Amino acid sequence: MKKKKEKLLDHIKKYHFELKHLLIVFVILVLSQMLTTYIHKISLRDFLFETRKWYQQDFVNSLANMSATSLELLLEVANEATVKEVEKRQIIQAFNIVLSQQLLQPHVEEVVLLLESGGTVNPVDDGQNLYTLLFQDDKNIEYANHHNAAMKMYIQEKDNIRKTEQIVTVTEGSQTFHVFVPFVLRGEYSGVFYMKAKPAFGFVTNEILTSYNQTSIIFTALILFGFLGMFYISSYTVSERDEAQRLLFQERESKLKKEITYKKEALFTKRIYHTHHKAEKVMGYIKDDLRKLSDDNFSETKYRVIKYANFISRVIYDMKWYDPPIQTIRNPIFSTNLNEVVKFLVDNLFKRISRDSDQFIFNLDFDNNLPPVQVNEFVIWEILEPLIQNCIDHSKKEQIIIEISTHYDSENTQCSLIIEDNGVGIENSLLTQKNDSIQTIFKEHVSTKHDSHKKGYGCYIAYELARERCGWDIRAENKKTGGARFIITIKNILQEYSYG
């Protein structure tokens, strides 16, 4: 220890510091701090001006958007057929409150609702006129005539607003904002909600700059003497923190990888277990078809056996890995007709086991305009089969009626596939959703069967394949007339599977 101190003293003695040296260092530090303070002040002022401008615009946009949304919500919940006189006055009063923001907010200068009708723009700034126009269909109302500037500006921006249906803000000067919020009535574009505002936040900037000037001198002296010490301490602290964060992130990354791997392996095991006995059953169907093969049924049997064999191939292919490449599940080369898949499952899987019995009745209602989906048809088979089987297993009726229908919504570019039965329905506890937004029926090991060791796999696997692999929405519900219903929704069906 003594030798270390001596070495340190010898190292310091090499440098001969005089007062003039210290003064030079002091002057350099002071000048550097003054220059830094000046530059910082200029930067802070520019930053505050830009921040104030952004905040003013954001404030006006938020206020206008909130007002427009309030009007839309009022129009959604209001219904002329059921509105009483008292409620009518309350609605008109609510309209007036929204359209009178210039009286409630000191920053707002003008508010008006610009509605399009027959190619003309009609300004409405009165709650009574708005109620009459929208609910009583009375066109003989007096429109406001003192919003010419707003109407002229809207006509210039109308095409852009209608095309994008997003908020458009026009800045006049440095503090005046003209905000146009698209007004959508009952799902259709009807015009805009216009607001002119001039938020005054300059006093905030002035106060901050004044306070900065007052404190900069004090901090200059403190920073001068504590700069080196703070630099050393902060550098050491930051390095220690970064090292701790690095180790923590590595630990979390390792844990997440293990959890993901475990989940994939578990799903792989359950999926293979669930499809293994299906494959055995299908192999039996193949043998039976080959035994009954004749010239009369050759084409039909060939088509069916090929489908069966492809399903067996898919099961064997899935055994290669627990996380198959996404292109083997959904890919532009796939063009699967959902109607054909459902019909094949019903005719050649479920009806086959009940050919000599009227216990199962299937009613199919297909939409022939349904576009093809770019998903492997045997993945769809693995999704639909357990859902249909669930309807059979849990119906608890002597005669089971299962209805399967498809519908295509061209306007929203989405289709739905509905599977429903006439059984006793699903227990309400299985339809609940927790924080993870997954209905209980689709979770692992959840089933109403009490005599099966391997249970709760069918709906779980169907959900995992539909939601996680295909990106489809799936939910379960009970029908009002009795029975269960599964609804699969495929959104953006024309663009969803653009691969690459």
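Summarising the label geometry, the points placed 7 Å from Cα in the beta-carbon direction at Leu431 and Ser43 lie 6.0 nm from one another.
Computed from the C-beta positions of Asn492 and Phe135 and an R0 of 25 Å, the FRET efficiency is 0.10 to the nearest 0.05. Residue separation of Arg89 and Glu398 scaled by 0.36 nm, minus their Cα-Cα distance, works out to 105.5 nm of gained length. In order along segment 280-295, the Karplus-derived 3J(HN,Hα) couplings, from 6.51 cos²θ - 1.76 cosθ + 1.60 at θ = phi - 60°, round to 4, 5, 5, 4, x, 5, 5, 4, 5, 5, 5, 5, 9, 5, 8, 5 Hz, and Gly and Pro are given as x. For Phe362, the residues whose modelled amide H falls within less than 5 Å of its own, excluding neighbours fewer than 5 places apart on the same chain, are Ile402. Net charge near Gly483, counting Lys/Arg +1 and Asp/Glu -1 over other residues with Cβ under 13 Å of its Cβ? Local net charge: +1. Net length available on complete extension from Leu73 to Leu35 is 8.1 nm, with 0.36 nm assigned per residue and the Cα-Cα distance removed.
Evaluating 6.51 cos²θ - 1.76 cosθ + 1.60 at θ = phi - 60° for every residue in segment 473-481, the Karplus couplings come out as 9, 9, 8, 10, 7, 9, 7, 5, 8 Hz, glycine and proline recorded as x. Per-residue extension of 0.36 nm, minus the Cα-Cα distance of Asp367 and Asp159, leaves a gain of 71.2 nm for this segment. Sorted ascending by nearby beta carbons within 10 Å, beginning with the fewest, Phe59, Phe298 become Phe298, Phe59. In this calculation the C-beta distance from Glu280 to Glu411 is compared with R0 = 41 Å, giving a FRET efficiency of 0.40.
Each label was represented as a point 7 Å from its Cα along the Cα-to-Cβ direction; for Glu116 and Lys152 these points are 2.1 nm apart.
Within segment 383-437, list the trypsin sites (Lys or Arg not before Pro) lying in a DSSP loop whose Cβ has at most 12 other Cβ atoms in a 10 Å radius. Sparse-neighbourhood loop trypsin sites (Lys or Arg not before Pro): Lys396, Lys434. Legend: calculated FRET efficiency, Leu185 to Lys263, from the Cβ-Cβ distance at R0 = 45 Å, rounded to 0.05, equals 0.50. Which links in Lys343/Lys480; Lys53/Lys196; Lys397/Lys479 stretch past 21 Å when you go from one Cα to the other? In this structure, Lys343/Lys480 exceed 21 Å between Cα atoms. The phi torsions of segment 112-122, fed into the Karplus equation with coefficients 6.51, -1.76 and 1.60 and a -60° offset, translate into couplings of 7, 9, 9, 9, 9, 7, x, x, 10, 10, 10 Hz, rounded to whole numbers, with Gly and Pro shown as x.
Model label sites at Gln166 and Phe249, defined 7 Å from Cα along the beta-carbon direction, differ in position by 3.1 nm.
Read-outs throughout are calculated quantities, based only on the coordinates presented, and are distinct from any laboratory measurement. Remember, predicted model here, so these are calculated numbers, not experimental data. With ideal geometry, Cβ positions are generated from the backbone for all residues, glycine too; neighbour counts draw on all protein chains shown.
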